[in-house]
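The next block holds one structure in the form of structure tokens; read it before the comments.
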Amino acid sequence: MFEVRVEHTFAAAHALRNYHGSCENLHGHNFRVEITVAGERLDQTGMLVDFLELKKQIDTAVMRLDHQNLNEVEPFDLLNPSAENIAQYLHQEIGKGLPSAVHVSEVRVWETNEASAVYRLK
């Protein structure tokens, strides 16, 4: 199994619904996202996926969230914009544009340097 990992950052605000504490108030983060894709075979150039193409997919998914109040952006207008839900959303969105032989194996979303959430398929 081959894996390729790319990091990306974006800034956004959110307020956690049904949370009792300071994070229920609107606040912002400089989110760091780490995306890992995997596959069994390399392409004819000896790569699992071109880093530039993967970065384009990530940019497309993240650009909807960057410098936004996540509570006002679909699907987070209904879904709580927790790090866990952001990770799952990015997993789904980035996976849509990948070659069929490559899949997103893990997305990690860092809210701070010390706190992150991971979404991965079993």
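The values are calculated or read from the model by the stated rules, or taken from the named source; none is laboratory data. All values reported here derive from a predicted model rather than from experimental measurement. As a convention, Cβ positions derive from the backbone with ideal geometry for all residues, glycine included, and neighbour counts pool all protein chains shown.
Per-structure values
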item: Within the stretch 31-46, tally of residues that are part of a loop (DSSP other than H, G, I, E, B) and surrounded by 14 or more Cβ atoms within 10 Å (Cβ to Cβ); result: 0
item: Test: residue in the stretch 34-51 that is closer than 28 Å to ASN71 by Cβ, of a type in the set (A, V, I, L, M) and without any contact (Cβ under 8 Å) to a residue 60 or more places away in the chain; result: no
item: For VAL6: the one exception among (1) outside any loop (DSSP other than H, G, I, E, B); (2) free of Cβ contacts under 8 Å to residues at least 40 places away in the same chain; result: (2)
item: For LYS56: the one exception among (1) part of a helix (DSSP H, G or I); (2) in contact with a Phe, Trp or Tyr (Cβ under 8 Å, 6 or more places away or on another chain); (3) farther than 15 Å from GLU34 by Cβ; result: (2)
item: Qualifying residue in the stretch 10-24 (condition: assigned to a loop (DSSP other than H, G, I, E, B), modelled with pLDDT under 95, under 24 Å from ASN113 (Cβ atoms) and not acidic (Asp, Glu)); result: yes
item: Residue within the stretch 64-84 that is more than 12 Å from the chain's Cα centre (by Cα), under 19 Å from SER105 (Cβ atoms), surrounded by 14 or more Cβ atoms within 10 Å (Cβ to Cβ) and not charged (D, E, K, R) present; result: no
item: Which listed residue, of GLN92, GLN88, is of a type in the set (S, T, N, Q), modelled with pLDDT of 95 or more and surrounded by fewer than 16 Cβ atoms within 10 Å (Cβ to Cβ); result: GLN92
item: Which listed residue, of ASP77, ASP66, is of a type in the set (Asp, Glu) and under 24 Å from GLU114 (Cα atoms); result: ASP66
item: GLU53 vs. criteria farther than 22 Å from LEU26 by Cα, at pLDDT below 95 and not small (Gly, Ala, Ser); result: yes
item: Subset tally (residues that are assigned to a loop (DSSP other than H, G, I, E, B) and either within 24 Å of ARG5 (Cα to Cα) or of a type in the set (Val, Ile, Thr) (or both)) for the stretch 71-112; result: 12
item: Subset tally (residues that are exposed (fewer than 13 other Cβ atoms within 10 Å of the Cβ) and under 23 Å from ALA11 (Cβ atoms)) for the stretch 95-122; result: 4
item: Residue pairs meeting the criteria (Cβ under 6 Å; at least 6 apart or on separate chains; first of a type in the set (Phe, Trp, Tyr), in the stretch 68-86; second at pLDDT 95 or above); result: PHE76/LEU70
